[in-house]
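Structure record follows, encoded as structure tokens.
The values are calculated or read from the model by the stated rules, or taken from the named source; none is laboratory data. Remember, it's a predicted structure, so these values are computed and weren't measured experimentally. Here Cβ is always computed from backbone atoms with ideal geometry, including for glycine, and neighbour counts include all displayed protein chains.
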Amino acid sequence: MKIVQLKYFIAVIDYGSINKAAERLYVSQPSLSRSIQALENEIGKPLLIRSNHGVSMTPTGRLVYYYGQSIINELNTLERLKGLDEKSIYSKLSVSSSSIFLKDDLVLKCYEKLISSETEIQMIETTTEEVFENVENSKSEVGIVILNDMQLIIFKKMAEIKEIEYEVLGSGPIYIHMNEEDPLAKNDTIRFSDLIDRTFIHLPNDFFSDINKSININGMQLSTFPKVLIMRNYHAMLSIAKHTSSFLIGHKWQVEELKHSHMKSLLLKDNDLQKHFIIIKRKNHVLSSAGRIFIDIIHDTYKQV
């Protein structure tokens, strides 16, 4: 069996007749007919049902058509690899993020812009401390964290020591996210004291979250809340918040995304503390094409929020 025979057979089915396929393939009709006949002889069964209206497939012909398509597609992939360099053949992107619900289409946008034949994209949702460690140890090429004023002071000192490069993409106030059906959600602003009977949902504690324990907002500290639920997965956190009397402490880069999940975002009253969107990478590290594409998408998506 020859590859050209499979290509001719597939073309006959796609164009609906031997005459039309011969025209498109720039071969003579007798030559194309002989090729199909040779393929049928080798298979040992008829593949086509010929009529005045064109051709259709026999049950065996249908199998040969679909398997043949798969073989041709694989061969085309191998042909494309000839002209590609190693970066175009394989791309890998690893991103660690903390304290942000990244928009669902970010990975799709990144994938669509990559030209590699094989792509590996790893998104790690974890604590701020682990994001820092993942970038430092090259487990992740890019890190995204949201830090408040106090955390940012400590972060800058650590980044200098660990040779971590960072960019502050933007800053904004603190928001409280909760189920839009919650009675408190009828307001646009809220105080910590209004939430004392609600469950506070947050990521596992780490070095950076411990810094928050000493921060006083509205005369209260985070350690004041008696009901606390600790979760590691953002979507699980969101699911709980949507169906219970609970809340998340967040920021402006989450507001639009959470609207689609029937969550209301309320500005925290009487609070001067700011949150900062930080992109981090290793200092003097040349980003891969996938890394550069991802950071460009982050800029386009969040810089003007």
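Observations on the structure shown:
- Residues that are farther than 29 Å from Leu195 by Cβ, outside any helix (DSSP H, G or I) and touching a residue at least 40 places away in the same chain (Cβ under 8 Å), drawn from segment 267-305: Ile279, Ile280, Lys281, Arg282, Lys283, Asn284, His285, Leu287, Ser288, Lys303
- Count of residues meeting criterion [of a type outside the set (Asp, Glu), under 19 Å from Leu169 (Cβ atoms) and at pLDDT 90 or above] in segment 266-302: 21
- Only one of the listed residues (Val131, Val168) is among the β-branched types (Val, Ile, Thr), at pLDDT 95 or above and loosely packed, with under 14 Cβ neighbours inside 10 Å. That residue is Val168.
- Of all residues in segment 67-107, those that are at pLDDT 75 or above and surrounded by 11 or more Cβ atoms within 10 Å (Cβ to Cβ) total 21.
- For segment 244-266, the tally of residues that are outside any loop (DSSP other than H, G, I, E, B) and out of contact with any strand residue (DSSP E or B) (no Cβ under 7 Å at 6 or more places or on another chain) stands at 3.
- Residue check: Asn137 meets all listed conditions (1) in contact (Cβ under 8 Å) with a residue 12 or more places away in the chain; (2) among the polar types (S, T, N, Q); (3) on the phi < 0 side of the Ramachandran plot but one, namely (1).
- Qualifying residue in segment 176-198 (condition: touching a residue at least 40 places away in the same chain (Cβ under 8 Å), of a type in the set (Ser, Thr, Tyr) and under 23 Å from Thr126 (Cβ atoms)): no
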